[in-house]
Amino acid sequence: MSAVSFSESLDRTPAAAEVPLSSPLSPAAEWWQSAVIYQVYPRSFADGDGDGVGDLAGLTARLPYIAALGVDGIWMTPFQPSPQVDQGYDVSDYCGVDPLFGTLEQFEVLLAQAHALGLRVLLDVVPNHCSSAHPLFQAALAAGPGSPERDMFHFVQGPSGMPDGGGPGSADVPPNNWQSVFGGRAWSRANPGSETDKDWYLHLFSPEQPDWNWRNPAVGEYFDGVLRFWFVKGVDGLRIDVAHALFKADGLPDSPSEGGVVDGLRSNPQVSDQEDVHEVYRRWRRIAGEYQPQRLLVGEVNLEPARAARYTRADEMHQAFAFAFVKLGWDPEAWAAVGNDLDAARQEHGAAPTWALENHDIVRSATRFGGGPLGSARARAALVALLGLPGAAYLYQGQELGLPEVDVPLEARVDPMWARGGVCRDGARVPMPWTEDPALNHGFALGGSPAESWLPQPEGWGTHAVERQELDPESPLNLAKTALELRRTLWKNEVFTATDGGTWRVEAGNLLVCERNAEFLVAVAMGTEPVQLPAGTVLLSAVPLEEDGWLQPNNAAWVLRG
Ligand code: GLC
């Protein structure tokens, strides 16, 4: 990697611990516009009590590692009470901590320590569905058909006159053809076998995750309370799970397509991107603005750029992940097309894209981009590119180590999407390797003689270990730190600004170029031959240049234009 004298000649950026939470790096920007947030999957980050599952105590102990990366904050995936059918995305109490992870007091300590280290803390809120163990769903089951309790969810009788002979409210035919994202139909009987209770309930994910009925105002009031609970505690923002799906089309009509696994949501227009959902985010933005400093809202809005950008209009969420980008392969034309679409959306609606290459649901980039040394080289280059693009960025734990996807043994797989639909997300969720030595689950457990980790770490996991990478100046970890530090410096010196756009093109030899502004561009060599860079000073590259002004295949550079 090479960070040249230009960066050294600029003022040094203060270490994360010295950055007061309220001050943006650039006077003209809000903090989130320049931010890099590190996604923590608490189950797999650090295990404080040695039970094989990561927890709040483990994360608290490891916060200095995250601060030393030079990121601005963390997003924690759910740790609230849950039967853990979908690893916490089946929430049975939105305002607590599952004993598996610790206690509310431990969360308060974590929050205070993160703040003391200059890290903001975002939590996950799951408003589309809860757990079937949630007291309100249990009350609905008990209260029976037609009750106000059932109106908090989508309880519906089967269609009338269906050929099962059941007549109105058929017990054997579901209300419509919707498919679950996790496989199988999106409906289950409330009371299987009952002659009197012919209701079905809707679950876009597993049957243990019933969907809330957002057309009932009581649901909105309930979630306003959830937001306020965490904001009052001092949480800095929320990542909103499946944010585009809360409202279903009036009357729950059939989907024109049958959908299916993974695509169950996207291909079903009746459950996605309904206009009414925007009013929720307008209200939530007002609530976020009632606190000092204003709390951040970032949405999991899995839609194409033009539609997703409507969720980040000035009075809605602050950010929505650029999902069109998250899914890309190593294809310069596709990167340029998506980049330009995202920039067109930014110009129309104002908010810059929010970049991510990885999260807990998708195949690790080193594997997605080809696997082995080739995939690793591309993942390095992609990380450098990501951190130079205009807008905020999210890194997923382990991405800074270049972790590959793990082929988790069949008998160890726990993802409900695997059991129901044959797609497994466990390979991106294997516990972090902290030490080369396999003892203590490669340092995942902080002491004692721990239980085996909840997902097994594969042979050779220690080659990616944090302690090993810290000693290697060329490691992915040190590259990520260098890029993050230089990014902060460029923001501080207003080479990067909140009004930067992105003009993308592919030059001869498959050189992908994103011009961020008149001074700065990102280039990625996505072909098979070395390519000449546009004129300028190379501030950073994923691996050192072999020849001045030329980029080898699968390398990326930040160029200060000459
Ligand atoms: C989101 C989460 C995913 C979860 C799903 C259902 O997509 O990222 O992990 O399974 O929502 O809650």
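The values are calculated or read from the model by the stated rules, or taken from the named source; none is laboratory data. Everything numeric in this text was worked out from a predicted model, so none of it was measured. Reconstructed Cβ throughout: ideal geometry from the backbone, glycine too, with neighbour counts over all protein chains shown. When the accessible area is computed, the model is the full protein with side chains, heavy atoms only, and any ligands, DNA or RNA have been set aside. Shrake-Rupley method; radii C 1.70, N 1.55, O 1.52, S 1.80 Å.
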*Shape call for the stretch 439-533 from the C-alpha gyration tensor, a ≥ b ≥ c root eigenvalues: rounded (a/c under 1.5), prolate (a/b greater than b/c) or oblate?*
prolate
*Calculate the length of the line joining the C-alpha centroid of the stretch 487-562 to that of the stretch 117-158, in whole Å.*
47
*What are the lysines whose alpha-carbon lies under 29 Å from the alpha-carbon of K492, with same-chain residues fewer than 8 places away excluded?*
K481
*asked:* Kirkwood hydrodynamic radius, computed over distinct alpha-carbon pairs, for the chain: how many Å, to one decimal?
replied: 24.5
*Cβ-based net charge around H154, under 11 Å, with every Lys or Arg adding one and every Asp or Glu removing one*: 0
_Residue-span extension gain [E411 to Q347] - 0.36 nm each, minus C-alpha spacing_ = 18.2 nm
*asked:* Restricting to DSSP loop positions (anything but H, G, I, E, B) with no more than 15 other Cβ atoms inside 10 Å of their own Cβ, which GluC sites (Glu not before Pro) remain in the stretch 379-461?
replied: E452, E459
*Inter-part distance where the stretch 25-62 and the stretch 285-344 are each reduced to a Cα centre, Å*: 21
*For S188, S449, write out the residues from largest to smallest accessible area, computed with a 1.4 angstrom probe and no ligands counted.*
S449, S188
*Just the number, please: carbon plus sulfur as a percent of the accessible area of the stretch 365-496, 1.4 Å probe, no ligands or DNA/RNA counted.*
54
*Which of the lysines could be linked to K198 by a straight reach, that is with a Cα gap under 27 Å, when you skip same-chain ones fewer than 8 residues away?*
K248
*Charge sum, other residues only, whose C-beta stays under 12 Å from V121's C-beta, Lys/Arg counted +1 and Asp/Glu -1*: 0
_Sites matching GluC sites (Glu not before Pro) across the stretch 266-329 that sit in DSSP coil, with at most 16 neighbouring C-beta atoms within 10 Å_ = E275, E290
*With the contact rule set at Cα under 8 Å and sequence spacing of 6 or more, what percent relative contact order holds for the chain?*
15
*Please name which of F229, P217, G183 has its Cα lying farthest along the dipole of the stretch 182-309 towards the positive end, using unit charges on Cβ (Lys, Arg +1; Asp, Glu -1) and the Cα centre as origin.*
F229
*For the stretch 501-560, give the percent of accessible area contributed by carbon and sulfur heavy atoms, probe 1.4 Å, rounded to a whole number.*
48
*Quick one: grab the alpha carbon gyration tensor of the stretch 283-342, order the square roots of its eigenvalues as a ≥ b ≥ c, and give me rounded if a/c is under 1.5, else prolate or oblate depending on whether a/b is larger than b/c.*
prolate
*Under a Cβ-Cβ cut-off of 12 Å, what is the net charge of the residues other than V53 that fall near it, where Lys and Arg count +1 and Asp and Glu count -1?*
-4
*Rounding to the nearest 20 debye, state how big the charge dipole of the chain is about its Cα centre with +1 on each Lys and Arg Cβ and -1 on each Asp and Glu Cβ.*
840
*How much accessible surface does D331 have with a 1.4 Å probe, in Å² rounded to 10?*
70
*Alpha-carbon centroid distance for the pair the stretch 369-407 / the stretch 68-113, whole angstrom*: 25
_Heavy-atom surface of the chain, accessible at 1.4 Å and reported per residue (Å²)_ = 36
*Amide H to amide H under 5 Å from R239: which residues, 5+ apart in sequence or cross-chain, H placed 1.01 Å off N in plane?*
L123, D124, V125, V298
_Counting DSSP beta bridges with both ends in the chain, the antiparallel % (nearest 5)_ = 55
*asked:* Counting C-alpha atoms alone, how compact is the stretch 501-560: give Rg to one decimal and Dmax as a whole number, in angstrom.
replied: 10.3, 30
